[in-house]
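First the structure, in the form of structure tokens, and then the observations on it.
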Amino acid sequence: GWPKATVTLIGPKSFVNMSYDDHRRIRKLTAAPINGFDALTTYLSFIDQTVVASLRRWSSPESGQVEFLTELRRMTFKIIVQIFMSGADDATMEALERSYTDLNYGMRAMAINLPGFAYYRALRARRKLVSVLQGVLDGRRAAAAKGFKRSGAMDMMDRLIEAEDERGRRLADDEIVDVLIMYLNAGHESSGHITMWATVFLQENPDIFARAKAEQEEIMRSIPATQNGLTLRDFKKMHFLSQVVDETLRCVNISFVSFRQATRDIFVNGYLIPKGWKVQLWYRSVHMDDQVYPDPKMFNPSRWEGPPPKAGTFLPFGLGARLCPGNDLAKLEISVFLHHFLLGYKLKRAN
């Protein structure tokens, strides 16, 4: 149900335009390598190292002032590229990140394809992304044809190249490229924004900051001296920090709307939605409903101490069969960053 202009940018073979059966097939193929226990354990070490190195670099005297969101997006992009295209060089990474910035500005802009408009720049960015990703894909296929084996673990591009369905069908290049464009976009843009807002909310609420910091200090005291970095066991102890992340997702859900299309005539609360009509789900009106969340504009992580929210009242990652497959990875990234930030850093706003 997404608009044609959005589908053009993300790709006709991406999740936003897939039929139910194709979506289920590709999601099944890609979800476990992103969100499974083994996958998260594998990624945690790289996430931890990247976060630590980024914070040190930003806080060094040579860095001076930094654009916080810009740096966070670069950091999360580095992480997601490692997962999907491990071994990408810095030049490839920089070219991709710049193009994704332009792509995002055009995602929900007016579809005016004229110089000077965001959609025009986004279309150019898509062409660049397709060119870069196709080049990497061609290189992988050429190396495989010559019998070369890549060093290190398989990444998502490898899995997509080798994937077969029950009929022995493999994914075409345009299908792989569109899936990668979608995942690389979703995997860094939202994580960067939510990490920024969680950090800001923590600093604006000293009592919440102190409680979250005390929890992280307690976790650090429980880590054996022989352990290097965080583990998933440590992550699962971050109960209050998880509430901070959920409350941030409620307050500033980055995906403020999703599009669906009625597959048959259906009545909702007495209204007929005819088959083929488009439906917009406005997440923010759900998350700011004072009948569900008392005093909804107040940042209050403690509201998550009780039972889990009722189905359909908390939708930061969507709902149902099209739930974001990277939701656990996103929360892991955000939590690891906040863990290190709380223990050793503070922000001072320059403007």
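The values are calculated or read from the model by the stated rules, or taken from the named source; none is laboratory data. Because the structure is predicted, anything quoted here is derived from the model rather than measured. Note that each Cβ is placed from the backbone with ideal geometry, even for glycine, and that neighbours are counted across all protein chains shown. We work out accessible area using only protein heavy atoms, side chains counted, and drop any ligands, DNA or RNA first. Shrake-Rupley method; radii C 1.70, N 1.55, O 1.52, S 1.80 Å.
Say whether the condition of being open to solvent by less than 40 Å² (accessible area, probe 1.4 Å), under 30 Å from residue 247 (Cα atoms), in a helix (DSSP H, G or I) and of a type outside the set (D, E, K, R) is met by at least one residue in the stretch 160-178.
No: the stretch 160-178 contains no residue that is open to solvent by less than 40 Å² (accessible area, probe 1.4 Å), under 30 Å from residue 247 (Cα atoms), in a helix (DSSP H, G or I) and of a type outside the set (D, E, K, R).
I'd like to verify a number: residues in the stretch 44-70 that are crowded, with 17+ Cβ neighbours inside 10 Å and more than 12 Å from residue 230 (Cα to Cα), how many?
Here is the first cut: in the stretch 44-70, the residues crowded, with 17+ Cβ neighbours inside 10 Å are 44, 47-48, 50-51, 54-55, 58, 68.
Keeping just the survivors that are more than 12 Å from residue 230 (Cα to Cα) gives 50, 54-55, 58, 68.
So the count comes out to 5.
Restricting the first residue to the stretch 206-219 and requiring it to be over 10 Å from residue 244 (Cβ atoms) and open to solvent by 60 Å² or more (accessible area, probe 1.4 Å), which pairs with a second residue that is among the basic types (Lys, Arg) and modelled with pLDDT of 95 or more meet a Cβ separation below 9 Å and a spacing of at least six or different chains?
Close Cβ pairs satisfying both conditions: 218/237.
How many residues does the stretch 102-132 contain that are assigned to a loop (DSSP other than H, G, I, E, B), open to solvent by less than 90 Å² (accessible area, probe 1.4 Å) and either at positive phi or aliphatic (A, V, I, L, M) (or both)?
Matching residues across the stretch 102-132 total 4.
Among the listed residues 14, 19, identify the single one that is without any contact (Cβ under 8 Å) to a residue 40 or more places away in the chain, of a type in the set (Ser, Thr, Tyr) and either touching a helix residue (DSSP H, G or I) at 6+ places or on another chain (Cβ under 8 Å) or open to solvent by 20 Å² or more (accessible area, probe 1.4 Å) (or both). Show your work before the answer.
Working: 14 fails: without any contact (Cβ under 8 Å) to a residue 40 or more places away in the chain.
From the options 14, 19, the qualifying one is 19.
Cβ-Cβ below 9 Å, separation at least six or inter-chain, first residue in the stretch 137-164 and closer than 19 Å to residue 179 by Cβ and among the charged types (D, E, K, R), second outside any strand (DSSP E or B) and at pLDDT below 80: which pairs?
From the stretch 137-164, the pairs are 140/150; 155/33; 155/87; 158/150; 159/29; 159/30; 159/33; 162/154.
Which residues, taken from the stretch 331-351, are more than 22 Å from residue 286 (Cα to Cα), open to solvent by 20 Å² or more (accessible area, probe 1.4 Å) and touching a residue at least 12 places away in the same chain (Cβ under 8 Å)? Let's see the steps before the verdict.
Within the stretch 331-351, the subset more than 22 Å from residue 286 (Cα to Cα) is 332-351.
Then keep just the ones that are open to solvent by 20 Å² or more (accessible area, probe 1.4 Å); that gives 340, 343-351.
Once the filter is applied, which keeps residues that are more than 22 Å from residue 286 (Cα to Cα), open to solvent by 20 Å² or more (accessible area, probe 1.4 Å) and touching a residue at least 12 places away in the same chain (Cβ under 8 Å), the stretch 331-351 yields 340, 343, 344, 345, 346, 347, 350.
From the list 265, 328, 295, 290, pick out the single residue that is open to solvent by 40 Å² or more (accessible area, probe 1.4 Å) and either in contact with an Asp or Glu (Cβ under 6 Å, 6 or more places away or on another chain) or closer than 30 Å to residue 229 by Cα (or both). Quick ask: steps written out before the conclusion?
On the way: 265 fails: either in contact with an Asp or Glu (Cβ under 6 Å, 6 or more places away or on another chain) or closer than 30 Å to residue 229 by Cα (or both); 295 fails: either in contact with an Asp or Glu (Cβ under 6 Å, 6 or more places away or on another chain) or closer than 30 Å to residue 229 by Cα (or both); 290 fails: either in contact with an Asp or Glu (Cβ under 6 Å, 6 or more places away or on another chain) or closer than 30 Å to residue 229 by Cα (or both).
Matching residue, one of 265, 328, 295, 290: 328.
Considering each of 249, 184, 230 in turn, give the residue that is part of a loop (DSSP other than H, G, I, E, B) and either touching a residue at least 60 places away in the same chain (Cβ under 8 Å) or small (Gly, Ala, Ser) (or both).
On the way: 249 fails: part of a loop (DSSP other than H, G, I, E, B); 184 fails: part of a loop (DSSP other than H, G, I, E, B).
Exactly one of 249, 184, 230 is part of a loop (DSSP other than H, G, I, E, B) and either touching a residue at least 60 places away in the same chain (Cβ under 8 Å) or small (Gly, Ala, Ser) (or both), namely 230.
Evaluate the stretch 242-260: report whether one residue or more is open to solvent by 60 Å² or more (accessible area, probe 1.4 Å) and either out of contact with any helix residue (DSSP H, G or I) (no Cβ under 6 Å at 6 or more places or on another chain) or within 29 Å of residue 215 (Cβ to Cβ) (or both).
Within the stretch 242-260, the subset open to solvent by 60 Å² or more (accessible area, probe 1.4 Å) is 260.
Those left that are additionally either out of contact with any helix residue (DSSP H, G or I) (no Cβ under 6 Å at 6 or more places or on another chain) or within 29 Å of residue 215 (Cβ to Cβ) (or both): 260.
The answer is yes, given that some residue of the stretch 242-260 is open to solvent by 60 Å² or more (accessible area, probe 1.4 Å) and either out of contact with any helix residue (DSSP H, G or I) (no Cβ under 6 Å at 6 or more places or on another chain) or within 29 Å of residue 215 (Cβ to Cβ) (or both).
Residues in the stretch 70-105 that are of a type outside the set (Ser, Thr, Tyr), under 19 Å from residue 193 (Cβ atoms) and over 16 Å from the mean Cα position of the chain (by Cα): how many?
Count: 2.
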